[in-house]
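Student: Next up is a structure, given as structure tokens.
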Amino acid sequence: QNQGGVGQGGQTYGNANLDVMLLGSGGGSGGNDNALGDNPKGGYGGRGGGSIRLDARERLVVTGSVNAQGQPGQGDSQTSCNACPKRGNGNTQCTWNCAGRQTTSCWDWSGAGGGGSGGSIYLRGDFVTVGAWRVNANGGRGGYGAGQCGGNGGVGRIRIDYNTFSGTTAPTPKMVHFNETFVNLAISAQNGKQIYVYRGCYQDSGTRLLPYAANTQASSQLGQAMKPSTCINLCKAKGYPYAGIQYSYECYCGPSIDAFPKR
């Protein structure tokens, strides 16, 4: 018998800032034994985790699960890597139907697959609550084999931008408080696109916080509410990075929001 090698775990790419949202990479497949009549093919590698971004204007509360976890590599249905030592070393006591004979469902001579790496999760909100271990971007385990296992997938990345935060994630996230990096940013770049983000409520006085009045006449005359997306597009077309709505139907734009404090 010529034993096939095990698959390697998928690697983690990118950086903790998640400047670019990347998918997790797949694990490598295990090698084939030279006799497949009584051995399975090498185990397939686990899929890499996905890429998830969630933005909330105010509260972002996770009540279910947010999962970008890598998948495990293919292998035996045991509970640990060394639960059944490889046959050929005098050990034939296996608990999943590999005992003393070769079978196409036992990865002892063909290698088990590697686990996929975790993906990317980016959460952003004023109040972020994720509960206990509901957010997961860990790598998948390597497939189990008789005395050898595939490599574990690399750990993925989680970033959380917040003003108030509670909960735990796997792995530990990169935490960014709004005041650290977003004081003067109304627009953030993500995958080449500009995304407007909610900055809160402000109260100005005789001098307007956002001095440019966008085209609100039609909405005002009809008494219709101005949609945030409509106001954003109006201001974006004029080249302004900030947009705000007053009296539910008036849209204003400006270059900065530093003149007045946040309410």
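The values are calculated or read from the model by the stated rules, or taken from the named source; none is laboratory data. From a predicted model like this one, the values you see are computed outputs, not experimental measurements. Note that we place each Cβ from the backbone using ideal geometry, even for glycine, and neighbour counts take in every protein chain shown.
Student: Among the residues of the stretch 131-169 satisfying the criterion of being surrounded by fewer than 21 Cβ atoms within 10 Å (Cβ to Cβ) and of a type in the set (Val, Ile, Thr), which is farthest from ARG199 (Cα to Cα)?
Tutor: VAL155
Student: Let me ask something else. I need the full set of residues from the stretch 125-172 which are modelled with pLDDT under 90 and under 14 Å from the mean Cα position of the chain (by Cα), in order please.
Tutor: In the first step, residues of the stretch 125-172 are kept if they are modelled with pLDDT under 90; the result is 125-127, 144-149, 161-164.
Result: ASP161, single match.
Student: Kindly provide the set of residues from the stretch 173-222 that are of a type in the set (Gly, Ala, Ser) and modelled with pLDDT of 80 or more, ordered by number. Don't jump to the end; show me each part of the working.
Tutor: So in the stretch 173-222, the residues of a type in the set (Gly, Ala, Ser) come out as 186, 188-189, 192, 200, 205-206, 213-214, 218-220.
ALA213, ALA214, listed by residue number.
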